[in-house]
Structures are given as C-alpha cells and as structure tokens.
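To start, the structure itself, in structure tokens.
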Amino acid sequence: MQRSLVLELDVPSSAEYIAIVRLVVASVATARRALADERVDDLKLAVSEACTNAIEANRRVSPAAPVHVEVWESPDRLEVCIEDSGPGFDPDRVASPPPFTDPGRLNFERGLGIPLIRTLVDNAAFVRKQQGTLVRMTVFGGPLDGDDTGTIYMDVSRFSGLPPLAPES
Amino acid sequence: MELGLEVDDSRQPYTVLAVKGEVDVYTAPRLREKLVELVSQGKRQVVVDLEGVEFLDSTGLGVLVGGLKRLRSHDGDLSLVCTQPRILKVFEITGLTNVFSIFASADEAVSMSN
C-alpha cells in the first residue's frame with residue numbers, strides 16, 4: 001500500500017465546525033488503523049488544537065477561506081494535514097509556559113496548543129507556505145485487517161442541512 | 001454542541017459547577033462567562049466538576065486558568081474534580097496538575113479544602 005489520500009475535508013473558519021473535524025478524523029483513524037483508543041484520543045486533541053489555530057489564522061486575514069483537512073495513510077502511519085490561509089507563524093518562536101513554580105504561570109492562558117500537538121502525536125511538522133501554514137501530524141500504526149480503499153471527499157461548507165453559523169463570541 | 005453547566009450551592013461556602021459535554025474554542029466562552037458570573041455574585045470558593053466532560057482542549061484549560069487567576073485575585077480559589085485519565089492527561093502534559101488542586105469527587109474537594 002502506497003501513501004494514499006483517504007479523506008479530504010473543507011470546513012468554514014468557524015469554531016463550531018471543529019467538533020466535526022475531530023469526529024471525522026477519529027472515525028477514520030478508528031476504522032482503518034490499528035490504534036489504541038488512547039492514541040485516537042490523543043490524535044483528536046491534536047486535531048482540535050491545530051484546527052483552532054487554523055481558524056484563528058484564517059479569521060485574521062481571510063475569514064471566508066476554509067480550513068483544508070487531509071488524511072493520508074501509508075503502511076505504517078496515518079498523517080493528518082491541516083492547512084490555513086493565515087499570515088503564518090514561526091513555531092519555534094512560540095513561547096513556552098513558565099514553570100509551575102513561577103507565579104507568572106497563571107498568566108499563561110494561551111499558547112498551550114503547539115506544545116500539546118508536539119506531545120500528543122509521534123511527529124508534528126509546521127510548514128510555512130506561500131500563504132498560510134500546514135500542520136502535518138503523524139501517528140504510527142499499521143492498518144486494520146480488511147483494507148478499505150477509497151477516498152472520502154467532503155466539503156462541509158457546502159452542506160445544506162447544517163444550521164446557520166452562530167456569531168463568534 | 002451543548003455545554004452543560006450546573007451550579008450547586010448546597011455545600012456553602014463552596015460552589016460546585018458541574019460541566020458536561022465537550023469544552024473547546026466553540027463552547028469554552030460559555031464556561032468563561034459562567035465563572036465570571038459566579039465571581040461577580042461573590043462566590044469565592046469554586047469547585048469545577050469535570051466528570052461529565054467528554055473532551056477538553058487547551059482553550060478549556062485557558063478558561064480554567066483564567067478562572068483560577070480571577071478567584072485568587074479575590075482571595076478565593078478554584079479546584080477541580082477529575083478522575084478521567086483522558087482529561088487528566090491534558091493537565092499532566094501541560095504541567096497544570098501542579099497549578100490546580102484536583103480531587104476525585106466534589107465531596108472530597110470540599111472536605112480537603114477545609
């Protein structure tokens with residue numbers, strides 16, 4: 001089995017859609033890969049963090065642009081790619097939280113997403129693109145028996161059955 | 001996606017806020033608003049019960065840290081109830097198990113804090 005695309009998903013840059021991305025990616029990981037439940041939970045959380053960052057990035061410069069999600073699989077791994085059209089950032093310049101003994105730790109309410117992503121998946125790459133950022137998260141684990149080939153394409157932004165977007169708070 | 005927020009004032013001076021559902025960037029503002037409301041009502045000892053939480057990301061952590069900071073600035077405190085490994089893991093990875101007092105039940109949180 002070569003590296004192949006198993007899911008492609010475009011979601012509006014709105015917070016309420018993050019739960020859908022979490023659910024869909026976790027479903028694909030559970031259905032197709034031999035991963036322990038705990039690893040799928042870790043992937044769900046990493047996906048949520050990356051989507052949150054992507055939506056915030058898009059809303060800064062191009063709120064109408066969707067967040068693009070792809071899931072790829074290879075014999076030994078699953079890769080989740082989340083891409084935005086935002087201004088980009090340098091992941092190495094994201095400040096780390098102060099140690100818990102530092103009273104300033106309580107001022108660190110944000111910025112935990114990147115360290116979480118790095119901890120939760122086996123490999124995390126942050127690729128600066130011409131416009132935007134691509135986050136590629138890899139978890140190692142072979143396929144389940146009964147290989148189900150085929151790619152799922154979804155464009156959530158074009159679903160007609162979804163309720164109208166709630167205003168961002 | 002609904003976020004359940006239930007306030008229990010039966011263990012004075014403690015207020016137990018039971019959270020149910022998924023806490024992410026979409027739902028976390030409701031949790032923040034509730035914590036701000038409790039502080040503005042004069043509550044100073046708040047126990048946030050996370051046993052009904054199915055998912056919590058860094059946005060939720062940020063709201064809890066903000067709540068703790070707000071309460072401490074009013075000479076109060078915020079403690080947590082959490083026994084689920086998948087939720088505890090998020091606190092452990094971020095080092096926040098050393099910032100929050102985390103208990104196995106609301107009763108334990110109240111008795112240990114006294």
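Only one of B:LYS43, B:LYS20, B:LYS34 is part of a loop (DSSP other than H, G, I, E, B) and not small (Gly, Ala, Ser); which?
Details: B:LYS20 fails: part of a loop (DSSP other than H, G, I, E, B); B:LYS34 fails: part of a loop (DSSP other than H, G, I, E, B).
Step by step, each of B:LYS43, B:LYS20, B:LYS34 is checked, and only B:LYS43 is part of a loop (DSSP other than H, G, I, E, B) and not small (Gly, Ala, Ser).
Of the residues B:LEU17, B:LEU38, B:LEU78, B:LEU96, only one is crowded, with 19+ Cβ neighbours inside 10 Å, modelled with pLDDT under 95 and farther than 23 Å from A:ALA15 by Cα; which? First the steps, then the outcome.
Values: B:LEU17 fails: modelled with pLDDT under 95; B:LEU38 fails: modelled with pLDDT under 95; B:LEU78 fails: modelled with pLDDT under 95.
None of the others qualify; the one that does is B:LEU96.
Could you grab the pairs with beta carbons closer than 7 Å, sequence gap of 6+ or different chains, first residue in the stretch B:94-114 and touching a residue at least 24 places away in the same chain (Cβ under 8 Å), second one among the aromatic types (Phe, Trp, Tyr)?
So the pair list comes out as B:VAL99/A:PHE100; B:PHE100/B:PHE91; B:ALA109/B:PHE103; B:VAL110/B:TYR14.
Could you pull out the residue among B:VAL36, B:VAL53, B:VAL46, B:VAL90 that is more than 21 Å from A:LEU112 (Cβ to Cβ), of a type in the set (Val, Ile, Thr), without any contact (Cβ under 8 Å) to a residue 60 or more places away in the chain and touching a Gly at 6+ places or on another chain (Cβ under 9 Å)? Reasoning before the result, please.
On the way: B:VAL36 fails: more than 21 Å from A:LEU112 (Cβ to Cβ); B:VAL53 fails: more than 21 Å from A:LEU112 (Cβ to Cβ); B:VAL90 fails: more than 21 Å from A:LEU112 (Cβ to Cβ).
Just one listed residue meets the conditions, B:VAL46.
Return the residues of the stretch A:19-37 that are within 17 Å of the chain's Cα centre (by Cα) and within 11 Å of chain B (Cβ to nearest Cβ); say none if nothing qualifies. Steps first, answer last, please.
Taking the stretch A:19-37 first, the residues within 17 Å of the chain's Cα centre (by Cα) are A:19-30.
A:ALA19, A:ILE20, A:VAL21, A:ARG22, A:LEU23, A:ALA26, listed by residue number.
The values are calculated or read from the model by the stated rules, or taken from the named source; none is laboratory data. Quick caveat, the model's predicted, so the values are computed rather than measured. Don't worry about glycine lacking a Cβ; one is built from the backbone with ideal geometry, like all the others, and counts go over all protein chains shown.
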